[in-house]
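Remarks on the structure that follows.
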Amino acid sequence: MKKYSLYILLLFILGACAKDKGNYDYINIPDPVVKGLDTAYAAIVGDSLIITPEVQLKSGKNDYSCFWKIDVPEKAMSVDYEGQSLRIVFGLGANRYNALLKVKDNNTGQVYFFKFIVKGQTQFTRGVLVLSNENNRTVLTFIKPDGTVQPDIYDAINKEVLPGGGMQLVPIRNQFYMNQLSSFWITYTGGTTGAVQIDANTLQRNKYLADNFYTAPAVLKVNSFLNMINGVTTAILNGKMYIGATETAPFWPYYGFWGVPVDGNYQLHPNVLHNLYERPNDGYFFGFEATKKQFLRFSTNAFFDTSYNVLGNTSFDPKNLKMDLLYMTRFTDNEFYAMMDSVGKKIELKFGLDFNADKRTFTPSYKREFPAASLLMPDTKWQSSPIGVIFFSSNDKIYRYNPVNNEVKALDATFGGKKVTMLKVLNGGNLLVAGVEGSIYYLDTSVGHNGENPQQVNSIPGVPADIYIREN
């Protein structure tokens with residue numbers, strides 16, 4: 001019985017196949033050709049953005065519709081438009097936006113998608129910001145790409161004068177969320193406010209230093225700021241370390257706020273180092289205790305004092321240095337250098353650290369007299385280059401120091417006898433920017449060059465203290 005049922009089923013299937021006369025020859029319609037649509041557009045905030053693509057349907061007919069979509073992730077939304085041309089006044093911020101053109105063939109109903117990027121910009125998106133000090137006030141100057149200098153730009157936009165003692169121009173960029181430069185901190189020693197945060201694209205004031213606290217301390221003395229890879233700022237205030245909050249979403253108003261300082265008995269020198277660019281989740285901070293004369297260890301949220309093991313030679317004791325810190329830098333975990341002052345004698349220390357995960361070792365390498373001790377001044381400026389050399393100033397000269405071969409060499413650049421007040425290493429060590437009264441100089445420090453024939457920009461108010469070059 002089961003055998004006969006199987007025969008009947010097979011006959012039924014064969015019969016059904018014989019009766020099916022449908023046409024299964026599918027026609028592949030090629031995508032339309034779209035001309036005049038670039039992969040990226042620069043749009044100036046407040047100006048017109050016009051995109052007029054030419055669409056050629058493969059059917060030969062010209063009946064199509066266009067739909068435009070620009071994603072706005074910071075607002076969790078999109079702006080949408082309809083029409084064969086996009087003609088709008090660009091009203092979004094200075095940011096990078098993913099956009100989409102949807103073309104519908106009205107003859108077939110087929111829809112095609114074409115992606116592109118819109119880069120929102122303002123007049124301050126490209127150029128150079130210079131922080132300087134003039135007559136007991138902190139001045140912000142903007143240099144346009146064509147070289148035009150706009151002094152006192154902060155005063156003009158915000159209708160206020162910043163106190164003197166300008167120190168740092170600190171960028172804020174969250175590389176894990178949109179990776180866009182959003183704002184700057186301007187720090188200064190004068191007055192009582194300590195710092196001000198400005199929008200990177202408009203240079204308008206966002207807030208004062210106290211406004212970035214859940215509860216601000218009664219006294220706010222800024223020692224130094226560190227820009228972090230996650231878009232928060234680590235602040236050394238009143239000798240204490242404050243870590244920016246990351247408990248909220250990056251676009252939330254309280255992201256990056258400071259609470260209480262990292263608890264502990266310490267007074268930090270402003271020169272604080274870390275390895276959080278390489279290890280953002282389990283890295284360390286490393287500092288110098290200015291009163292106890294010892295190197296300190298921090299995690300990303302805790303103070304570990306001198307709770308590390310000292311291995312290797314005994315050329316110096318990092319827990320009892322009996323010297324003052326002039327400058328220190330880190331090239332790798334195995335290459336730390338600290339320039340110290342020991343009762344007027346200039347000492348160079350080299351050491352390595354292993355503070356990752358559960359490890360806590362400090363390895364001294366050597367202690368020696370700094371080879372250019374006679375060149376160091378109380379106001380010497382320091383900058384380290386990723387290629388393993390250190391630049392320092394001495395009055396109106398700049399020197400390159402290579403600690404590996406102990407070579408000290410003066411750069412070719414001259415500054416008309418004016419004292420160097422600022423050094424900034426950029427472009428992976430290929431560019432050194434120097435500041436003197438009234439001017440900044442771009443020095444070529446790439447391989448084979450020694451800072452010769454510097455490019456000069458004048459009309460900078462006062463003496464430069466910091467600089468930021470913005471290309472997008």
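Here is how the numbers come out for the structure above:
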read-out	value
Relative contact order, percent, region 159-215 [alpha-carbon distance under 8 Å, six or more residues apart]	26
Estimated [θ] at 222 nm from DSSP helical runs (n ≥ 4, -39500 (n - 2.57)) normalised by residues in the chain, nearest 500	-1500 deg cm²/dmol
By accessible area with a 1.4 Å probe, ligands and nucleic acids excluded, highest first: order of Lys75, Lys345	Lys75, Lys345
Qualifying aspartates and glutamates (Cα of each under 16 Å from Cα of Lys424; at least 8 residues distant if same chain)	Asp379, Asp396, Glu437, Asp444, Asp466
For region 34-136, alpha-carbon Rg relative to the globular expectation (2.2 N^0.38 Å, N residues)	1.41
Residue-count net charge about Gly416 - beta-carbon cut-off 13 Å; Lys, Arg +1, Asp, Glu -1	+1
The chain: relative contact order in percent, alpha carbon pairs under 8 Å with at least 6 residues between	9
Between region 93-126 and region 141-186, the Cα center-to-center distance that results, in Å	30
Distance between modelled label sites at Glu369 and Asn62, nm, 7 Å Cα→Cβ extension	8.7
Accessible-area value, Thr108, 1.4 Å probe, nucleic acids and ligands omitted, Å²	80
Region 75-177: GluC sites (Glu not before Pro) in DSSP coil with no more than 12 other Cβ atoms inside 10 Å	Glu160
Within-9-Å neighbourhood charge of Ile51 [Cβ basis; K, R +1; D, E -1]	0
Within region 199-282, chymotrypsin sites (Phe, Trp or Tyr not before Pro) in DSSP loop having at most 15 other beta-carbon neighbours inside 10 Å	Tyr214, Phe251, Tyr254, Tyr277
Nearby lysines by direct alpha-carbon distance to Lys115 (threshold 16 angstrom, same-chain neighbours under 8 apart not counted)	Lys35, Lys69, Lys102, Lys104
Carbon plus sulfur fraction of accessible area for the chain, probe 1.4 Å, in percent	50
Helix 2-19 axis, angle to the chain major axis (alpha carbon atoms, nearest 10°)	90
Heavy-atom accessible area order for Phe304, Phe288, largest first, 1.4 Å probe	Phe304, Phe288
Selection of GluC sites (Glu not before Pro), region 269-366, meeting DSSP coil and at most 16 other Cβ within 10 Å	Glu278
Partners for Lys292 among lysines (Cα-Cα distance below 29 Å; same-chain residues under 8 apart left out)	Lys221, Lys240, Lys319, Lys322, Lys345, Lys346, Lys350, Lys359, Lys367, Lys381
Kirkwood Rh, angstrom, region 322-472 [1 / mean 1/r, Cα pairs]	16.5
Average accessible surface area per residue within the chain, 1.4 Å rolling probe, Å²	50
Separation of alpha-carbon centers, region 72-87 and region 207-222, rounded to whole Å	39
At 0.890 mPa s and 25 °C, Stokes diffusion of region 400-472 via Kirkwood alpha-carbon radius, µm² per second	189
Where Met178, Met77, Met241 fall by accessible area, highest first, once all protein chains stay in place (1.4 Å)	Met77, Met178, Met241
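The values are calculated or read from the model by the stated rules, or taken from the named source; none is laboratory data. Please read these numbers as outputs of a predicted model, since none were measured by experiment. A quick note on method: Cβ atoms are made from the backbone with ideal geometry, for glycine too, and the neighbour counts reach across all protein chains shown. All accessible areas refer to the heavy atoms of the entire protein, side chains included, with ligands and DNA or RNA removed. Shrake-Rupley method; radii C 1.70, N 1.55, O 1.52, S 1.80 Å.
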